[in-house]
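Report on the following structure.
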Amino acid sequence: MKRLPVNRLSSRTSSAIIWIVLLTLPLWMRAVGSYTELGTQVVVLALAAMALNFLLGFTGTLSFGHAAYFGLGAYGAAMTIKYLVPSTPLAILVGMAAGTIAAMIIGALIVKLRGVYFAMVTIAFGQVFYFITFRWNTVTGGDDGLSGWHRIPLNLGFTTIDIEHDGKAFYYFVLLCFALSVGVMAFLLRSPFGRTLLAIRENERRARFLGIPIERHLWLSFVISCLFASVAGALYALLNNFTDPRALYWGQSGNFVIMAVLGGMRSFWGPLIGAAIFVVLQDYVSSHTENWMSFVGLFFVLVVLFFPRGVLGIIRRRTMR
Amino acid sequence: MTQLILFNVFNGLIVGAFYALMALGLSLILNLSGVINFAHGGFLAIGGYLAYALIPFVGFWGALLIAPFLTAFLGLIVERLLIRRVYGRDPLYSLLLTFGLAYIFEDSTRFIWGAQSVPFQVPDWLMQPLSSDYFFLTGYRLFMVLLVGAAVAGLFLILTRSRLGIRIRAGTLDLETVSVLGVNVRILRTLNFGLGIYLAGLAGVLAAGMLGLSPTIGTSLIMPSFVAIIVGGLGSLPGTLLGGLLIGVASGITTVFAPSATEAIIYVMMGLVLLIRPRGLLGEEGRVQ
């Protein structure tokens, strides 16, 4: 019992450190020889990985198909700006709706499955959307992707924030979306609903005996997780002013999972650390060699063999001793 | 029209046979060791490329005979060095590990043999159409269907008649008891893995002759194999076989009426099966949870 306040304190300090780093990032990113867009990319992919971790780390269910909802968010946002309304917030909302509705339907089909089977079905379903975007050339641009549009400056009535050209302004816009999403997830995890998810993770049978409607909660957790993944997808499309079918490919799903595992999937902030390491490493490797796929593959193997608990998992273990 | 439909059904059957051959290997490994082998497609590609490299020396028939064994041997090494370490752990880790291996395999084949597809030569007399009305019925295609049939028959013979096969099936049901009865489970799992990879290698050689050989051949075949397993039912090898053939024929027929939905149709089928019968067509009750 004595450990609890200490833990809360340390989690509070670590949260504070993380927020300070994120808020000051554009100020020193250039100084360490990098660029703001890379920081934005880290935040966006971290949101996706944290969304996945809502399901993986806190509900104990592995989805290997989150790229589908990420990609739907991306296409929803891109198509809104290209074909409907030139509005960035609306684009994000449409992208979010696209991913969430798809997750509601597919979630209903798969909540009865468990373990390996669940993972396998999520992988397979992820591919449907890949093929739809790949084949539906006239609307989605097919293999070439959807270009010829760009993010629109934010119009607040009294002033306009130019997130289109100002990389730092866009970074802070993304960070705001990130903060809102992460805040909602943290709130949900602390709520009684979030506690039932932990109960399901620890012992599903017992949770069922306690009267928790497992299937409904799993479905909810899946949908919430996919909702935030699609927000991340929408932001990703806005970041690049472009999206293509590779955003939905299963390789991307694997990247999200490795980010969560690498950072530490039992901790709330773990996936953020994982995303930061992964993005920086990929950026470095792909600019130095054409065989980056081998490096990423090797990286997966090494993480599984030597860091299965992730960075934060190791740190926590050290401090617990 | 009849000809067109027949052509596509037959085509679908062949593609379905590939799916089935690959999915059977995946299923074997999944059932006994609980590992979803993402790298299966990579092994398939390596099987095809090894055959391609061997053809100048030993000819098509020699390559067909040797390449799958070499692939299986590679599989044994990979199992002993890497896969073995994740047995009994959360399926998450085996997925990530084989996922990484799939990347490495695809990149290495690209590095060694180039990103472009390479010509894969099949004996001329096999490529002749057997009938002028049914031009698509070449000897090679017929031969392929027969060979896949033979391979599947061989697999089921091994599983039902040989000591190894009986142990594999017993281990699928209850590995602990099999272990207690004095079977070396480590060796059993290794051999089972090798058997699954052999099937992938064989599918690779055959697919190379039919679809052409490029580094992405494995990734394009692995997803349908997953679908085949899910449609057929987890834990049931006859189900996997049925699932593979079914989705192959279904996508063949779809090619006639809605070419752009060729790939999507199998996932629609999977959705329907999960809706009506979550354990798959021939899946056993209780295996789902």
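Being open to solvent by 40 Å² or more (accessible area, probe 1.4 Å) and either closer than 30 Å to B:A170 by Cβ or assigned to a helix (DSSP H, G or I) (or both), is that true of even one residue in region B:28-39? Checked against the condition, which is being open to solvent by 40 Å² or more (accessible area, probe 1.4 Å) and either closer than 30 Å to B:A170 by Cβ or assigned to a helix (DSSP H, G or I) (or both), region B:28-39 yields no hits at all. Checking each residue of region A:33-48 against the condition of being part of a helix (DSSP H, G or I), modelled with pLDDT under 95 and touching an Asp or Glu at 6+ places or on another chain (Cβ under 7 Å) gives at least one match.
Could you identify the single residue in B:A170, B:A208, B:A153, B:A203 that is touching a Gly at 6+ places or on another chain (Cβ under 6 Å) and under 29 Å from B:L30 (Cβ atoms)? Answer to the selection: B:A208. Within the option set A:A260, A:A275, being in contact with a helix residue (DSSP H, G or I) (Cβ under 6 Å, 6 or more places away or on another chain), under 27 Å from A:L72 (Cα atoms), away from every other protein chain (no Cβ under 14 Å) and open to solvent by less than 40 Å² (accessible area, probe 1.4 Å) holds for one residue only, A:A275. Checking each residue in region B:250-266 for being touching a residue at least 40 places away in the same chain (Cβ under 8 Å) and either of a type in the set (G, A, S) or under 24 Å from B:G196 (Cβ atoms) (or both) picks out B:A250, B:S251, B:G252, B:I266. Cβ-Cβ contacts under 8 Å between residues 6 or more apart (or on different chains), taken from a first residue in region B:222-241 that is at positive phi to a second residue that is part of a helix (DSSP H, G or I) and open to solvent by 10 Å² or more (accessible area, probe 1.4 Å), are listed as B:G235/B:N31; B:G235/B:T172.
Here A:G95 meets the list (1) open to solvent by 10 Å² or more (accessible area, probe 1.4 Å); (2) away from chain B (no Cβ under 14 Å) almost entirely, failing just condition (1). Within region B:21-41, the set of residues being touching a Ser or Thr at 6+ places or on another chain (Cβ under 8 Å) and closer than 21 Å to B:F120 by Cβ comprises B:M22, B:H40, B:G41. Residues of region B:84-101 that are facing another protein chain (nearest Cβ under 7 Å) and surrounded by 23 or more Cβ atoms within 10 Å (Cβ to Cβ): B:L95, B:L96, B:L97, B:F99, B:G100, B:L101. Applying the set (1) closer than 20 Å to A:N53 by Cα; (2) facing chain B (nearest Cβ under 10 Å) to A:A103 leaves exactly one unmet item: (2). Select from region A:111-121 the residues that are in a helix (DSSP H, G or I) and more than 7 Å from every other protein chain (Cβ to nearest Cβ) and list them in ascending order. A:F118 - this is the single residue of region A:111-121 that is in a helix (DSSP H, G or I) and more than 7 Å from every other protein chain (Cβ to nearest Cβ).
Selection of helices (runs of 4 or more DSSP H) fully inside region B:162-237 by the criterion of at least 2 residues being open to solvent by less than 10 Å² (accessible area, probe 1.4 Å) and hydrophobic (A, V, I, L, M, F, W, C) returns B:185-211, B:217-232.
Once region B:47-66 is narrowed to residues that are under 27 Å from A:G251 (Cβ atoms) and open to solvent by less than 10 Å² (accessible area, probe 1.4 Å), the residue that is nearest to the other protein chains (Cβ to nearest Cβ) is B:Y49. Considering only residues in region A:156-208 that are of a type in the set (S, T, Y) and outside any helix (DSSP H, G or I), the one that is least open to solvent (accessible area, probe 1.4 Å) turns out to be A:S191. A:G183 meets each of the listed conditions (1) out of contact with any helix residue (DSSP H, G or I) (no Cβ under 9 Å at 6 or more places or on another chain); (2) in contact (Cβ under 8 Å) with a residue 24 or more places away in the chain apart from (2). In the condition set (1) within 14 Å of chain B (Cβ to nearest Cβ); (2) open to solvent by less than 10 Å² (accessible area, probe 1.4 Å), A:A237 is compliant with all but (1). Among the residues making up region B:102-145, those that are modelled with pLDDT of 80 or more, over 18 Å from B:L211 (Cβ atoms) and surrounded by fewer than 18 Cβ atoms within 10 Å (Cβ to Cβ) are B:F111, B:I112.
Taking region B:69-83, which residues are β-branched (V, I, T) and either under 18 Å from the mean Cα position of the chain (by Cα) or away from every other protein chain (no Cβ under 12 Å) (or both)?
Matches in region B:69-83: B:T71, B:I77, B:V78.
Can you spot a residue in region A:122-135 that is more than 12 Å from chain B (Cβ to nearest Cβ), part of a helix (DSSP H, G or I) and touching a residue at least 12 places away in the same chain (Cβ under 8 Å)? Taking every residue of region A:122-135 in turn, none turns out to be more than 12 Å from chain B (Cβ to nearest Cβ), part of a helix (DSSP H, G or I) and touching a residue at least 12 places away in the same chain (Cβ under 8 Å). Candidates B:L76, B:L6, B:L101, B:L92: the one that is within 16 Å of A:F300 (Cα to Cα) and in contact (Cβ under 8 Å) with a residue 12 or more places away in the chain is B:L101. For region B:80-96, how many residues are within 14 Å of A:V116 (Cβ to Cβ) and either in a helix (DSSP H, G or I) or touching a His at 6+ places or on another chain (Cβ under 8 Å) (or both)? Looking only at that region, the number is 7. Here A:G264 meets each of (1) on the phi > 0 side of the Ramachandran plot; (2) within 12 Å of the chain's Cα centre (by Cα) with one exception, condition (2).
Among A:D143, A:D166, A:D162, which is acidic (D, E), touching a residue at least 12 places away in the same chain (Cβ under 8 Å) and more than 19 Å from A:G57 (Cα to Cα)? Of the residues listed, the single one that is acidic (D, E), touching a residue at least 12 places away in the same chain (Cβ under 8 Å) and more than 19 Å from A:G57 (Cα to Cα) is A:D143.
The values are calculated or read from the model by the stated rules, or taken from the named source; none is laboratory data. The model shown is predicted, which means the values in this text are computed figures rather than measured ones. Neighbour counts are summed over all protein chains in view; Cβ atoms, including those assigned to glycine, are modelled from backbone coordinates with ideal geometry. For accessibility, only protein heavy atoms count, side chains too; no ligands or nucleic acids. Shrake-Rupley method; radii C 1.70, N 1.55, O 1.52, S 1.80 Å.
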